[in-house]
1. Checking the structure you have, find out if any residue of the range 9-26 is within 12 Å of the chain's Cα centre (by Cα) and at pLDDT 85 or above.
2. What are the pairs with Cβ atoms under 8 angstrom where one residue, in the range 40-54, is under 13 Å from LYS71 (Cβ atoms) and the other, located anywhere, is loosely packed, with under 14 Cβ neighbours inside 10 Å? Sequence gap at least six, or different chains.
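The values are calculated or read from the model by the stated rules, or taken from the named source; none is laboratory data. Quick caveat: nothing in here was measured; it's all calculated off a predicted structure. Glycine also receives a Cβ, built like all others from the backbone with ideal geometry; neighbour counts cover every protein chain displayed.
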Amino acid sequence: MKMSEKFIPNELGITAICNRKGFPERTHKYYRDIFSAINQICTTPEIGKSIQEVKPNHRLFSVKSHVIIYKIMSDQIFIDRILHQKMKLENFI
């Protein structure tokens, strides 16, 4: 698995929001859920919905109120972005 550099700031944003609201235990559970979903993607890459019309060769997989944008490569999965469902994917391409 490989992760985009764009993934890291967004990941930190999730932590900042949850911690600011005083929910550190919720933050840890949310991370576990997101990384569990990433493990599912790595195990079964075709699990996500194709978003070919928006971003060629990419897929989208929902987890709670976020979506994981990823690409199946020949020998690995590339995690491009993790976005909140309210964010318009087209703005982040």
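1. For the range 9-26, residues within 12 Å of the chain's Cα centre (by Cα) and at pLDDT 85 or above: absent.
2. ILE41/ILE47; CYS42/MET1; VAL54/GLU90; VAL54/ILE93
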